[in-house]
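Take a look at the structure set out below.
The values are calculated or read from the model by the stated rules, or taken from the named source; none is laboratory data. Note that the structure is predicted; figures quoted are calculated from it, not measured. Because the Cβ atoms are built from the backbone with ideal geometry, glycine has one as well, and the counts that use them run over all protein chains shown. These area figures cover heavy atoms from the full protein model, side chains too; ligands, DNA and RNA do not enter into them. Shrake-Rupley method; radii C 1.70, N 1.55, O 1.52, S 1.80 Å.
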Amino acid sequence: MGHPLHNGSSTTNGISHDSEPGPSNGHASSSVGPGSLPHHVLNSIQHVQPPGHLMYEDDRNWQDQHDTTMTDDGKESTDDELEEAQDGLGHPEAKSISRKTTQRPGVGGSRRMPVEREEAVRLILQGLRDIGYHQSADILELESGYNLSTTQANDFQSAILGGRWSEALGLLPGLGIHITPTPEPEPEVGSSSSSIASGKILKIKGSNSISDQMKFLISQQKYLEHLEIGQQKKALGVLRGELNKVAKDQEVLHTLSGFMMCLDKDDLYERAMWDGAQGTSRRQLLEHLQAFISPQIMMPSRRLATLFDQARRHQQLSCLYHEEPESTSLYTDHKCESGAFPSVTTHVLADHSDEVWRIEWSPDGMYLASSGKDKTVVIWQLKYGIVPFQHLKEHTDSVDAMAWSPDGKTLVTSADKNIFVWDVKTGELQPKSSSGSQHSDTISAIQWLPDGSEFVVASMDCKVAFYSPSGSLLRQWSTKDRQLKDFVITPDGKRIIAITTLLKRVFHNDKLRQSMSSRPSEESEIIESTTAIGPNGASLAPFYYATMEYSLMMIRIADHNIIDSSQDLRCETTSIRLSSDGKRVIVSCAPDEIQVWSIDPGFRYIRKHSGHVQGRYLIRSAFGAPKDRFVLSGSEDGHVYVWQGTAPNPIEVLSGHKEVVNAVAWNPVAARRIFASCSDDHTIRIWQPPFDLDEGMNIENDGVTGGDEDGDGMKVENDEEEEEEEEEEEGMVL
């Protein structure tokens, strides 16, 4: 099927006119129905046979103009190798591969990848029928000689959508599906459990036959529909007589048989994640079955719309500055301008008297907390500008870990081994429930559970402690010889994703560097010595604890079991950040690397970003923009680096800070294009898109607009008066 008719006959090309009507899904038969043209008009359409077989014959020589793909060593690379490098399948030794594209001629001499005319026409036919232009589709079928689907395909679609299961099974041979005898199933030990969510195709373990897989899907739908209308006896017959023959995974049968106990159809819908015969389940079943049928016989549903969507998404992903989720026109190639990216410093915040190490936005994006070496946490408020709101000065040491509660009313901070719980509105420190600290080494990270019921603290003494919102210790774990240097908690509150180091005891002369959450100090390279006693009571050579391996770990909070890990990342990890959808993390590493990992359902390395400088200090990176389109990082060279999507190299390198940029943080409100950076130069910078300075800047709850600015668009916010020289250099001092 699908080959053009080579005669000029004015027949209807074998089109069936008596097929049973059903819901339209892009496979409707080309029968004459309401609104169709009369037969005498159809009989007047002449078949046209253009030369060749391509949509555009001048694309025939496209294969002579390949894109050149080169690796870093100058060798050509295949597309498979390029894809592997982009997806990170070769981590961490994957070669950096860049595509150097041969420039194509302009309009009139361009060459596109050739498209078969038959495929183009059939896609147009399907699109016309999807829209409802059946008359145009009828004429196009006659003029081109191509049909959208075979009669068997139309009948199969009608049978599935109409719930005629025996008829659908009988049509499988006509669709090119070879029917193989199905042996009786044998129970398997240790098979994995499955669900029958209507949005997923169940992978039947041990069922290699395509016909068996299709039979299972059809029988599963049949079984559920019997249960839906209360026909348990018929459903049991399907389970024993049909599903039992093709389901190789006994856990699948156990799951299905459990639905016999559903109280009513609503209970069935919820437990099976299925919406019934009158919902979308039959159409989804048809789409699943189409995966086994040749598209020459039965084209996938809404294929033209799918190709449009893929083209649009590809252009958006290829656009370096794209961040808005709205759809784009198909008439022209999509391209965003760089002016919408927050690349201009609008405020310089200068309340700190020493290095600023950490910044965190509140969940509503209206407050920014900053901390560092001066033992002070400053809370800044976005209110017609950005102004100091609270100064929290009770800390006994430098502050390098803090976390906002989900409701934004509480801020937890740490200084060395102690935690502090603050009321943000009043700036008051909540009294401690017990004297002393539960931690015997530096606190490395703090995170709240998403429901705000507890916050979690990790410290370098290989402990993880859980506290109530008031700061009372609830429970704690020992991680034995693993330090959690930094961690995040997944949105469901069930897993901790942590970067860890494995402590090993080594002899003193090895002089391996210690693992610390703060900056390395020149006077300490090792943690502490321990003198070992030999069998005869004599002292052995002293040994020390030192870090050796860096790992990424996934820990289930309920039983603190490690459920996944990626051992030895081959770089020194310093920080981790979770994406807004909870599916990816970025890990900052030394030297000079940011790794992107997928964590759903397990760890998978995706790619790395490079170009910044990180070797001696702890640098905190961040996701940015709606859907986390950007990755941002500070750098030891005093710049902020920005990467987009799959781009390995930065698209922006922002200047302004005079010393090491320690952290960046993007405002969590999607409507705001604003982020902050902090530095060893004692300042925090607020970055926004370029704008007309005459309009000014105004930061409100619903977004960011202009406010009064000095001539260079920059404000310096400080409670104390600055020197006149700094006023002239940086802007107006408040």
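Points worth noting:
- Among all positions in segment 297-305, there is at least one residue which is more than 31 Å from the chain's Cα centre (by Cα) and either open to solvent by 20 Å² or more (accessible area, probe 1.4 Å) or of a type in the set (Asp, Glu) (or both).
Each row is one residue, and each column tells you yes or no for (1) closer than 30 Å to Thr151 by Cβ; (2) without any contact (Cβ under 8 Å) to a residue 12 or more places away in the chain; (3) assigned by the TED database to the domain that holds Leu169.
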| position | (1), (2), (3) |
| --- | --- |
| Lys233 | no, yes, yes |
| Leu236 | no, no, yes |
| Thr255 | no, no, yes |
| Glu270 | no, yes, yes |
| Glu287 | yes, no, yes |
| Ile293 | yes, no, yes |
| Met299 | yes, no, yes |
| Gln315 | no, no, no |
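- Residue among Leu239, Leu202 that is among the aliphatic types (A, V, I, L, M) and modelled with pLDDT of 90 or more: Leu239
- For segment 275-296, the set of residues classified as surrounded by 19 or more Cβ atoms within 10 Å (Cβ to Cβ), under 23 Å from Ile229 (Cβ atoms) and either among the hydrophobic types (A, V, I, L, M, F, W, C) or in contact with a Gly (Cβ under 6 Å, 6 or more places away or on another chain) (or both) consists of Leu285, Leu286, Leu289, listed by residue number.
- Test result for Leu268, farther than 30 Å from Ala647 by Cβ and either touching a Gly at 6+ places or on another chain (Cβ under 7 Å) or at pLDDT 90 or above (or both): yes
- Residue list for segment 264-323, restricted to those being in a helix (DSSP H, G or I) and acidic (Asp, Glu): Asp266, Asp267, Glu270, Glu287, Asp309
Conditions tested, residue by residue: (1) modelled with pLDDT under 70; (2) part of a helix (DSSP H, G or I); (3) open to solvent by less than 60 Å² (accessible area, probe 1.4 Å); (4) within 30 Å of Arg584 (Cβ to Cβ).
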position: Trp62; (1), (2), (3), (4): yes, yes, yes, no
position: Glu83; (1), (2), (3), (4): yes, yes, no, yes
position: Ser110; (1), (2), (3), (4): yes, no, yes, no
position: Pro114; (1), (2), (3), (4): no, no, yes, no
position: Glu141; (1), (2), (3), (4): no, yes, yes, no
position: Tyr146; (1), (2), (3), (4): no, no, yes, no
position: Ser149; (1), (2), (3), (4): no, no, yes, no
position: Ala153; (1), (2), (3), (4): no, yes, yes, no
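- Test: Thr328 is of a type in the set (Val, Ile, Thr), touching a residue at least 12 places away in the same chain (Cβ under 8 Å) and open to solvent by 50 Å² or more (accessible area, probe 1.4 Å): no
- Lone unmet requirement of (1) within 32 Å of the chain's Cα centre (by Cα); (2) at pLDDT 90 or above for Ala94: (2)
- Any hit, segment 483-500, residues being in contact with a Phe, Trp or Tyr (Cβ under 9 Å, 6 or more places away or on another chain) and surrounded by fewer than 17 Cβ atoms within 10 Å (Cβ to Cβ): no
- Evaluation of Ser398 against (1) closer than 14 Å to Ala665 by Cβ; (2) touching a Lys or Arg at 6+ places or on another chain (Cβ under 6 Å) (one fails), failing number: (1)
The rows are residues; the columns are (1) open to solvent by less than 20 Å² (accessible area, probe 1.4 Å); (2) at pLDDT below 90.
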| site | (1), (2) |
| --- | --- |
| Phe623 | yes, no |
| Leu632 | yes, no |
| Gly645 | no, yes |
| Ala671 | no, yes |
| His682 | no, no |
| Met714 | no, yes |
| Glu720 | no, yes |
| Glu726 | no, yes |
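- Complete set of residues in segment 659-682 that are among the polar types (S, T, N, Q), farther than 15 Å from Pro342 by Cβ and either under 27 Å from the mean Cα position of the chain (by Cα) or part of a loop (DSSP other than H, G, I, E, B) (or both): Asn662
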